[in-house]
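I have placed the structure first, in the form of structure tokens, so that the comments after it can refer back to it.
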Amino acid sequence: MAQDIFETIDQDIHSEPMLLQMGPSHPATHGTVRFTLLLDGETVVKCDTEVGYLHRGFEKECENKTWTQAFPYTDRLNYVSPLLNNFGYALAVEKLLELEVPDRCNWIRTLMGEMSRLSDHLTCVGAGGLELGAMSAFLYALEGRELVWDLIEMVTGARMTVSYGRVGGVKDDLPDGFEAKWRRVKERLVAVHADTHKLLSRNRIFLDRMEGTGVITQEAALAWGYTGPTLRSTGIAYDVRKDHPYFKYGEVDFDVPVGTKGDNYDRYLCRMAEIEQSIRIIDQCFERIEPGPINTDDPRVMLPEKEKVYNSIEGMISHFKIVFEGIQVPAGEVYSYTEAGCGELGFYIVSNGTGKPWKIHVRSPSFIHMGGIHKLLEGAMLPDIIPTFDTVNMIGGECDR
């Protein structure tokens with residue numbers, strides 16, 4: 001009799017997939033992004049991702065400014081590592097100009113770019129720990145990031161939106177005492193990194209949430225255009241700094257960490273290992289950098305010295321034309337790419353020979369990654385979205401068009 005009752009109840013239960021809106025103001029989405037989820041219980045059957053909430057119009061804004069005025073906009077792509085955006089854009093314009101920058105400038109760009117990478121990876125690892133309940137790991141990682149930002153502020157005058165890059169160079173030279181400050185910060189960074197490893201890497205809860213979740217295969221990652229730690233977690237050792245060296249990356253020694261499974265845990269370990277490699281690169285930069293100019297002396301792009309501006313008509317006119325009309329970049333087009341914190345950052349720029357870009361398109365890694373993130377989420381559980389979204393590390397500013 002009891003068995004008959006249970007069979008009747010089972011037949012009467014009517015179930016269907018549930019439609020759930022996650023975001024666009026969810027605290028774990030690191031910005032305004034919405035997931036439209038079709039759930040079977042807690043299993044994600046289908047995921048439709050919408051990233052178009054910022055509407056800042058990066059590319060069109062740049063096309064209405066001079067080549068130099070675009071630098072503050074690049075800051076706001078990946079605002080956690082703005083120096084990498086600054087330098088990537090500067091390199092693209094310099095390729096169109098066929099302009100070589102001084103040796104010291106390239107060392108500074110390599111050094112400061114790696115400091116920005118440290119900021120990016122520490123933020124990602126810390127936020128990922130926080131969202132899985134590891135508050136202590138978050139505080140350690142954020143302490144490391146703040147120390148890095150102190151160094152960046154010492155050079156650029158700002159902590160996040162730095163506008164430090166220039167076509168043909170950088171805004172300022174490294175200040176006195178900067179290397180000594182780095183040595184002190186490095187000591188604490190190494191300790192913070194070790195403490196974060198102790199708190200997370202063999203933590204049972206952390207492992208259960210990270211291992212085997214958010215898996216992407218090598219074939220799928222390549223098909224969707226993934227780069228950076230997300231691609232390297234699958235075992236593919238593609239890094240623009242190694243495969244297509246720029247600045248001084250071809251002259252420093254560093255390794256490219258890779259994973260094996262392409263899951264969240266591998267992406268976490270890749271970033272943790274890249275923190276060690278960035279520290280290694282920065283040390284080599286300090287050892288090898290030599291005194292010298294930090295900007296090109298090409299009058300097409302560099303403002304004349306103040307003495308010439310104030311005391312000669314040629315200097316004053318040159319200053320006026322560069323500031324008001326912009327650098328006159330020869331007509332042509334170029335695609336230039338660098339290794340940003342989340343992957344390959346590319347700038348496709350077209351010049352019509354005037355002081356403003358005719359066309360700028362940015363291949364931002366976060367925008368590419370979000371195009372295929374449903375492949376990492378579908379078939380997983382609802383709670384797996386949180387660590388997966390963190391290790392992919394979408395930065396909203398890179399998704400805006």
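Every number here is computed from the coordinates shown, using simple stated rules; none is lab data. Computed from a predicted structure; not experimentally measured. With ideal geometry, Cβ positions are generated from the backbone for all residues, glycine too; neighbour counts draw on all protein chains shown.
Structural remarks
- In segment 48-399, inverting the average of 1/r over every pair of distinct C-alpha atoms gives 21.0 Å as the Kirkwood radius.
- Dipole of segment 48-399, positive direction: furthest Cα of VAL185, LEU96, LEU54, with charges on the beta-carbon: LEU54
- Difference of contour (0.36 nm per residue) and Cα-Cα distance, LYS308 to LEU19: 97.3 nm
- Spacing of the two label points (7 Å from each Cα toward its C-beta) at GLU276 and ALA194, in nm: 1.3 nm
- Helix 2-12 axis, angle to the chain major axis (alpha carbon atoms, nearest 10°): 40 degrees
- Loop GluC sites (Glu not before Pro), segment 265-327 (other Cβ atoms within 10 Å of the site Cβ: 12 or fewer; DSSP): GLU305
- Segment 14-101: GluC sites (Glu not before Pro) in DSSP loop, at most 13 other beta carbons within 10 Å: GLU42, GLU98, GLU100
- Among VAL155, VAL125, VAL185, residue whose mean-square fluctuation peaks in a GNM of the chain (springs only between Cα atoms under 10 Å): VAL185
- Extension reserve of the GLN328-GLU179 stretch, reckoned as 0.36 nm per residue once the Cα distance is removed: 50.0 nm
- Only aspartates and glutamates eight or more places from LYS248 in sequence, or on another chain, were considered; those with a Cα closer than 16 Å are GLU94, GLU100, ASP103, GLU114, ASP239, ASP283, GLU287, GLU290, GLU339.
- The magnitude of the dipole of segment 1-145, with charges of +1 and -1 set on the Cβ of Lys/Arg and Asp/Glu and taken from the Cα centre, is near 1040 debye.
- Shape category assigned to segment 264-401 from the gyration tensor of Cα positions, a/c cut at 1.5: oblate
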